[in-house]
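Below you'll find the structure, written out as structure tokens, and then a few comments.
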Amino acid sequence: MVPEEWRTANVRQLCSKVTDGTHDTPTPVDGGIPYITAIHVKDGHIRFDDCLFLTEDDHREIYRRCNPQFGDLVVVNIGAGVGQCAAVNVTFEFSMKNVALLKPNPEHIDPKFLFQAFRSEESRIGREARSGGAQPFISLRHLGQLRFLVPPIPEQKKIAEILSTWDAAIETTEKLLANAVAQKRAFMQQLLTGKRRLNGFGGPWARQTLRDVAEVIVSNVDKKSVDGDIPVRLCNYMDVYANDILQPSLPFMEATATSAQIKKFGLHVGDVLITKDSETPSDIAVPAYVSATADDLVCGYHLAIIRPGPRASGRFLKFYFEHPHTQTYFASRANGATRFGLRVGSIEEAPIQLPTLEEQERIADAIATVETEAKRLKSSIKLYRAEKAALMQQLLTGKWRVTV
């Protein structure tokens with residue numbers, strides 16, 4: 001039930017101006033006035049770090065139509081990101097293309113509250129976009145008619161303050177995640193190549209091929225269930241693509257296999273599975289490490305098992321496959337036009353340098369530590385976003401009231 005003192009109003013009633021930027025494509029220049037397009041509005045922020053620039057004259061032509069200022073709201077109204085919004089939190093001038101501009105009237109709406117209200121409706125606005133020409137769009141008329149529940153200004157400010165606290169927590173955690181990802185990348189670049197050695201280790205690394213240190217096994221087990229075959233759980237392409245670590249607790253699909261297939265393609269602890277086939281070369285040789293297994297867990301089609309020999313660590317090999325140099329190597333050797341795949345020989349011939357088994361494990365420990373932290377931070381961000389979404393549902397509808 002909506003509180004008595006709340007009212008419903010549309011955007012035109014709440015804003016002093018509803019307009020948009022240019023629909024033309026001005027010529028960018030080196031330096032000049034910042035110029036954003038729809039791709040620069042994402043996750044509640046305007047991304048100026050990779051924006052374009054315009055001459056003063058081109059900027060003025062656009063700025064006469066829309067003059068974004070601190071506290072205004074920008075909303076993508078043309079393109080794949082229709083509905084994405086962001087609050088203007090800079091004081092310098094900039095121009096826009098395919099982005100609408102809303103100027104909140106402070107007598108009717110708190111700018112931060114309007115931002116949170118729009119964020120809660122991004123998905124709905126995107127769904128209501130029309131398909132016209134080459135790109136989806138939402139008209140300024142439609143934007144102006146969007147209706148929101150509006151509490152009194154003091155309550156608006158309090159609700160916006162609470163939701164902004166969650167935004168700050170998410171943003172801080174995202175920065176920590178970016179640092180963890182960068183640290184993992186740096187560790188991989190330095191430790192997997194021998195440019196940096198861990199304390200207590202020295203001596204040259206052996207230059208060899210993957211064939212010298214591991215067995216490559218390509219699975220032929222498909223997703224079909226055949227009467228008379230043995231029930232198994234099948235590790236498929238997406239299981240490998242979506243997970244760094246494979247273990248029996250994951251929701252693998254049910255299928256069947258022959259006893260010979262189970263013997264040959266059953267997963268062993270220490271195995272590394274890679275995507276052998278994919279729709280794009282960049283998704284070739286994506287790895288996952290088998291940390292635990294079960295008797296009925298079998299590798300499926302479009303994957304290859306990399307089974308380490310006595311001189312190789314599976315954990316080290318998993319990070320070896322993630323290294324950008326290795327990814328480039330396999331992407332360049334994937335054959336195909338609409339679907340790409342690796343030959344067994346291409347996998348076996350991949351060059352690799354290995355230190356001693358002990359150093360491999362120590363390197364894997366160091367990289368796994370930052371990888372685990374990155375996973376924890378990803379989970380935290382997902383949780384924060386879910387909790388904020390639930391809170392928005394309660395606060396922006398008046399189901400939960402705040403004390404002003």
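Average projected area of the Cα convex hull of the stretch 188-296, in nm²?
9.1
What size of dipole, in debye to the nearest 20, comes out for the stretch 100-189 about its Cα centre when the only charges are +1 on Lys and Arg C-beta atoms and -1 on Asp and Glu C-beta atoms?
300
How big is D for the stretch 343-383, in µm² s⁻¹ as a whole number, if Stokes-Einstein is applied with the Kirkwood radius of its Cα pairs at 20 °C and 1.002 mPa s?
Here the translational diffusion coefficient equals 166 µm²/s.
Based on the alpha-carbon set only, what is the convex hull volume of the stretch 231-274 divided per residue, in Å³?
Dividing the Cα hull volume of the stretch 231-274 by its residues yields 80 Å³.
From Cα coordinates alone, what are the radius of gyration and Dmax values for the stretch 263-375 in angstrom?
Computed over the Cα atoms of the stretch 263-375, radius of gyration and Dmax are 14.3, 42 Å.
Going down the table (158/382; 42/112; 175/388; 17/399), which pairs top 27 Å between alpha carbons?
Among 158/382; 42/112; 175/388; 17/399, the Cα-Cα distance tops 27 Å for 17/399.
So how far, in whole Å, is the C-alpha centre of the stretch 114-165 from the one of the stretch 9-67?
The stretch 114-165 and the stretch 9-67 have Cα centres spaced 19 Å from each other.
Taking 0.36 nm per residue of sequence separation and subtracting the Cα-Cα distance, how much length would be gained by fully extending the chain between residue 25 and residue 249, in nm to one decimal?
Gain on extension, residue 25 to residue 249, equals 75.5 nm.
Using the eigenvalues of the Cα gyration tensor, what equivalent ellipsoid semi-axes result for the chain when each is taken as the square root of five times the eigenvalue, whole Å, largest first?
Three semi-axes, in Å: 50, 26, 22.
Suppose a student asked you for the relative contact order of the chain, using Cα pairs under 8 Å spaced at least 6 residues apart; what percent would you report?
16
Under a plain spin-label model, where a point goes 7 Å from the Cα along Cα-to-Cβ, how far apart in nm are residue 390 and residue 258?
Simple spin-label model gives 5.1 nm for this pair.
Taking amide hydrogens as modeled 1.01 Å from N in the peptide plane, which residues meet the under 5 Å criterion relative to residue 110, leaving out close sequence neighbours?
For residue 110, no residues qualify.
With a bin width of 10 angstrom, please list the P(r) values of the stretch 100-258 as percents of all Cα-Cα pairs, from the 0 bin to the one holding the largest distance.
Once binned at 10 Å, the Cα pair distances of the stretch 100-258 give 7, 16, 17, 18, 19, 15, 7, 0.
Which log10 I(q)/I(0) values does the stretch 53-121 give at q = 0.14, 0.15, 0.19 Å⁻¹ under the Debye formula, counting every alpha carbon as one identical point scatterer?
Scattering profile of the stretch 53-121, log10 relative to I(0): -0.44, -0.51, -0.78.
Suppose the chain between residue 2 and residue 48 were pulled fully straight at 0.36 nm per residue; how much longer would it get relative to their current alpha carbon spacing?
Length gained, residue 2 through residue 48: 12.7 nm.
For an R0 of 22 angstrom, estimate the FRET efficiency from the Cβ-Cβ distance between residue 268 and residue 181 and round to the nearest 0.05.
Efficiency for this residue pair is about 0.15.
Please name which of 96, 117, 325 has its Cα lying farthest along the dipole of the chain towards the positive end, using unit charges on Cβ (Lys, Arg +1; Asp, Glu -1) and the Cα centre as origin.
Toward the positive end, the furthest listed residue is 117.
Lys/Arg Cβ at +1, Asp/Glu Cβ at -1, dipole of the chain taken about the Cα centre: which of 393, 268, 166 is farthest positive-ward?
Of 393, 268, 166, it is 393.
On a 1.4 Å probe surface of the protein chains, which of 6, 166 comes out largest in accessible area, and what is the full order?
Output order, biggest surface exposure first: 166, 6.
For the stretch 142-234, go through all pairs of different Cα atoms, get the mean of 1/r, take its inverse, and jot down that Kirkwood value in Å.
21.3
The values are calculated or read from the model by the stated rules, or taken from the named source; none is laboratory data. The structure presented is a predicted model; accordingly, all values stated were derived computationally and were not measured. Note: ideal-geometry Cβ built from the backbone for every residue, glycine included; neighbour counts use all protein chains shown. Side chains are part of the model used for accessible areas, which takes the heavy atoms of the whole protein and leaves out ligands, DNA and RNA. Shrake-Rupley method; radii C 1.70, N 1.55, O 1.52, S 1.80 Å.
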